[in-house]
Amino acid sequence: LAKYKEKELVNYRKNIVSYIFQHYHLLENQTALYNIMLPCLLKGDSYLTAKRKVLSLINDFSISEDLLKKKCSLLSGGEKERIAIMRAFINEPHILLADEPTGALDKDNSLLVMESLKKASKRSLVIMVTHNEQLAREYSDRIIHMKDGRVVKDEKIKLINGKHHHIDKERKSNPNWYSKIIARNF
């Protein structure tokens with residue numbers, strides 16, 4: 001990425017990677033619908049195509065069409081989180097980066113979001129930062145523990161007969177660990 005020209009970076013951000021920010025970064029004076037549609041519109045989709053994409057996702061996130069009409073400034077923290085996550089999903093990115101996506105959600109909504117992230121991981125590389133180790137263990141294929149910017153533990157999780165089995169592996173930090181993960185997943 002460091003070698004990309006500005007136009008290549010813009011294309012990469014629009015088409016390859018998507019973000020779920022910890023603090024939503026929604027346009028508060030716009031409707032929830034507009035916030036979710038925005039990546040589609042920026043990519044060049046028509047208003048109707050973008051709206052159809054949103055309507056096809058709302059059931060996965062237990063969001064009503066009435067909520068889509070509200071301005072984001074009127075939504076609860078959990079509703080804003082789900083809108084932000086839908087916005088990240090809308091263009092089916094190759095890489096989905098999630099910063100504490102369940103931080104503002106109750107247990108039921110957290111499980112709903114984790115199920116959605118798990119589904120997304122079938123077609124996208126999902127990298128999630130979380131302090132909720134229980135949810136991470138239940139839904140992840142791999143958990144990388146970091147301390148002070150260094151990898152201290154790398155756990156691969158295998159599903160055998162419907163049960164998670166953890167394979168702990170203590171690691172010495174390699175400053176290029178992320179390059180290997182990205183290369184392997186591409």
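Residue by residue, here is whether (1) among the small types (Gly, Ala, Ser); (2) part of a loop (DSSP other than H, G, I, E, B); (3) in contact with a helix residue (DSSP H, G or I) (Cβ under 9 Å, 6 or more places away or on another chain) holds:
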site: Ala84; (1), (2), (3): yes, no, yes
site: Ala88; (1), (2), (3): yes, no, yes
site: Asn91; (1), (2), (3): no, yes, yes
site: Leu105; (1), (2), (3): no, yes, yes
site: Asn109; (1), (2), (3): no, no, yes
site: Leu112; (1), (2), (3): no, no, yes
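Within region 53-86, restricting attention to residues that are closer than 16 Å to Val113 by Cα and in contact with a strand residue (DSSP E or B) (Cβ under 8 Å, 6 or more places away or on another chain), the residue that is surrounded by the fewest Cβ atoms within 10 Å (Cβ to Cβ) is Ala84. The residues listed here are Tyr19, Tyr24, Tyr34; of these, the one that is among the aromatic types (Phe, Trp, Tyr) and part of a helix (DSSP H, G or I) is Tyr34. Across region 94-123, the number of residues qualifying as touching a residue at least 60 places away in the same chain (Cβ under 8 Å) and either open to solvent by 50 Å² or more (accessible area, probe 1.4 Å) or more than 14 Å from Phe21 (Cβ to Cβ) (or both) comes to 5.
For Leu9, the requirement of being among the aliphatic types (A, V, I, L, M) and either within 20 Å of Pro101 (Cα to Cα) or in a helix (DSSP H, G or I) (or both) is met. Annotation note: Cβ proximity below 8 Å between a residue of region 58-73 that is in a loop (DSSP other than H, G, I, E, B) and a residue that is at pLDDT below 95 (sequence gap 6+ or interchain) occurs for Ser62/Arg82; Ser62/Asn109; Ser62/Leu112; Ile63/Glu79; Ile63/Arg82; Ile63/Ile83; Ile63/Met86; Ser64/Ile58.
The values are calculated or read from the model by the stated rules, or taken from the named source; none is laboratory data. None of these values were measured; they are calculated from a predicted model. Glycine gets a Cβ as well: all are built from the backbone with ideal geometry, and neighbour counts include every protein chain shown. Areas reflect the complete protein model, heavy atoms only, side chains present, ligands, DNA and RNA absent. Shrake-Rupley method; radii C 1.70, N 1.55, O 1.52, S 1.80 Å.
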